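Everything below concerns the one structure shown next.
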Amino acid sequence: MASPMSASSFLKALKAEGLTVVEVGDWRHHNRNHKGPWGPVHGVMIHHTVTRGSARTVDICRKGYEGLPGPLCHGVVTKDGRVHLVGYGRANHAGLGDDDVLRAVIAEKALPRDNEANTDGNRHFYGFECENLGDGEDPWPAAQLEAIERAAAAVCRHHGWTERSVIGHLEWQPGKVDPRGFTMASMRARIRDRLK
């Protein structure tokens with residue numbers, strides 16, 4: 001069981017992993033904590049945005065949209081490999097997911113198939129939204145994939161987690177397909193190698 005790191009520790013961890021970090025507005029205090037607790041935290045969740053254009057993507061992830069207020073993640077990984085911090089605390093990114101998956105993440109074991117949505121993921125996961133149309137054709141530049149790897153590794157390193165604490169939205173909530181265009185198995189392998 002892990003308490004979320006402080007906003008300052010989060011920023012420091014990302015920079016220590018070699019990332020270029022952009023602080024957007026008062027990201028440290030922009031959250032959905034009034035809707036419920038954040039923590040204990042158990043892992044990192046990776047998403048794609050279904051958007052085009054970095055500035056627009058960051059703006060949407062910070063503010064949200066009708067029916068889903070922001071922040072929609074903690075950090076936005078744009079195609080150029082920068083991580084834009086848009087919020088810190090509870091964020092609207094994971095939604096309800098499978099309690100069996102959460103137990104596997106906590107135990108750092110192989111994930112079962114997600115087949116129910118009965119557990120609050122916004123409470124338990126750090127979230128990174130990654131700029132991509134999510135159509136399976138929009139490319140994932142090398143700089144962006146490396147930034148995803150570094151960002152997830154930074155959080156895992158801080159908490160003493162392995163790569164098994166990193167999941168995709170598609171592994172958490174039935175019906176989700178993100179991230180699309182690379183496999184979470186390949187990303188976890190990259191994170192594992194980075195943590196060695």
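The values are calculated or read from the model by the stated rules, or taken from the named source; none is laboratory data. These figures come from a predicted structure and were not determined experimentally. Note that we place each Cβ from the backbone using ideal geometry, even for glycine, and neighbour counts take in every protein chain shown. Protein only, heavy atoms only, side chains kept; ligands, DNA and RNA dropped before computing areas. Shrake-Rupley method; radii C 1.70, N 1.55, O 1.52, S 1.80 Å.
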> Would you call Gly36 under 26 Å from Ser8 (Cβ atoms), in contact with an Asp or Glu (Cβ under 9 Å, 6 or more places away or on another chain) and surrounded by fewer than 17 Cβ atoms within 10 Å (Cβ to Cβ)?
Replying inline: yes
>> Step by step: first the residues of the stretch 104-127, then only those that are polar (S, T, N, Q) and more than 12 Å from the chain's Cα centre (by Cα), then the one that is nearest to Ser165 (Cα to Cα). Which residue is that?
In response: Thr119
> Quick one: in the stretch 1-25, which of the residues that are open to solvent by less than 50 Å² (accessible area, probe 1.4 Å) and in contact with a strand residue (DSSP E or B) (Cβ under 6 Å, 6 or more places away or on another chain) is nearest to Arg90 (Cα to Cα)?
Replying inline: Pro4
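Could you list, in sequence order, all residues of the stretch 147-191 that are of a type outside the set (Ser, Thr, Tyr), part of a helix (DSSP H, G or I) and more than 23 Å from Pro40 (Cβ to Cβ)? Walk me through it before giving the result.
First, pick out the residues of the stretch 147-191 that are of a type outside the set (Ser, Thr, Tyr): 147-161, 163-164, 166-182, 184-185, 187-191.
From what is left, the residues that are part of a helix (DSSP H, G or I) are 147-159, 163-164, 169-171, 184-185, 187-191.
Listed by number, the residues that qualify are Ala147, Ile148, Glu149, Arg150, Leu170, Ala185, Met187, Ala189, Arg190.
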>> Between Arg123, Arg150, which is of a type in the set (D, E, K, R), in contact with a Leu (Cβ under 6 Å, 6 or more places away or on another chain) and in contact (Cβ under 8 Å) with a residue 12 or more places away in the chain?
In response: Arg150
